[in-house]
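The values are calculated or read from the model by the stated rules, or taken from the named source; none is laboratory data. Bear in mind the structure is a predicted one, so any value in this text is a computation, not a measurement. Quick reminder, even Gly has a Cβ in these numbers, built from the backbone with ideal geometry, and neighbours come from all protein chains shown.
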Amino acid sequence: MTIEGRRETPNTAKRAAVQAAVLQATEELLAEGNSYADLGIEKIANRAGISRTAFYFYFADKGELLQRLTEEINALLFEQANVWFSGAGDPREELHTALANIAALYREHAVLMRVIVEVATYEERVATFWRSTLGRFVDASERRILEEQEAGRAAPENARATAFALTWMTERTLYQDLVQDGPIPPADLVDALTGIWLRGVYGAGGA
């Protein structure tokens, strides 16, 4: 059978369905006010409709579960960031669109984003994974900045350092917006981030 004609086997389909149910159950339980530290495997398994033993068939532990949740969210975030990473239109519009959509995803998955960042402060495995995940955004930003420099549109600054600073600035800003009382209006925050990115990449005059 050719690759094109190959179909997902029932076992593979079941595995994907169970994993999706566990991920959804975990995010729901966190949103309901359960802390990550106190959220037990049995509670997650019960919400997902599987046994505790079955949970360990699909996930090694809660750390792996959190990594999988992080991968799911970051795939969505990267898809939006790619509006600018791979864009060929007006940089101002692309950056604003990308940042607006990323900020919306942070708000939509606020509880999970807070857990990821907070657990990364005391679990080295999660911290390493999170830094690696953000590194993908740094790499993509650096590539776009280098392309813009080669085209004569970007300021002749250190592309790697600029990409690193802007990426982590955005991550910290969006996280702090989630945890503070009286958050800044979303539109204002996106406009501010867009302006910083434009000045950081394209110089004082922006794009």
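Output the residues belonging to the range 53-67 that are in a helix (DSSP H, G or I), under 18 Å from ALA37 (Cβ atoms) and not small (Gly, Ala, Ser). Within the range 53-67, PHE55, LYS62, GLU64, LEU65, LEU66, GLN67 qualify. Quickly run through the range 166-186 and pick out the residues that are in a helix (DSSP H, G or I) and free of Cβ contacts under 8 Å to residues at least 12 places away in the same chain. Listed by number, the residues that qualify are ARG172, GLN176. Put simply, of GLU79, GLU27, GLU72, GLU93 the only residue that is more than 17 Å from the chain's Cα centre (by Cα) and part of a helix (DSSP H, G or I) is GLU93. Taken as a whole, the condition of being aliphatic (A, V, I, L, M), surrounded by 16 or more Cβ atoms within 10 Å (Cβ to Cβ), more than 16 Å from GLU171 (Cβ to Cβ) and at pLDDT 90 or above applies to VAL83. For the range 40-52, a tally of residues being over 21 Å from HIS109 (Cα atoms) and assigned to a loop (DSSP other than H, G, I, E, B) returns 3.
ALA37 fulfils the conditions (1) closer than 25 Å to THR128 by Cβ; (2) at pLDDT 90 or above; (3) not in a helix (DSSP H, G or I) except for a single criterion, (2).
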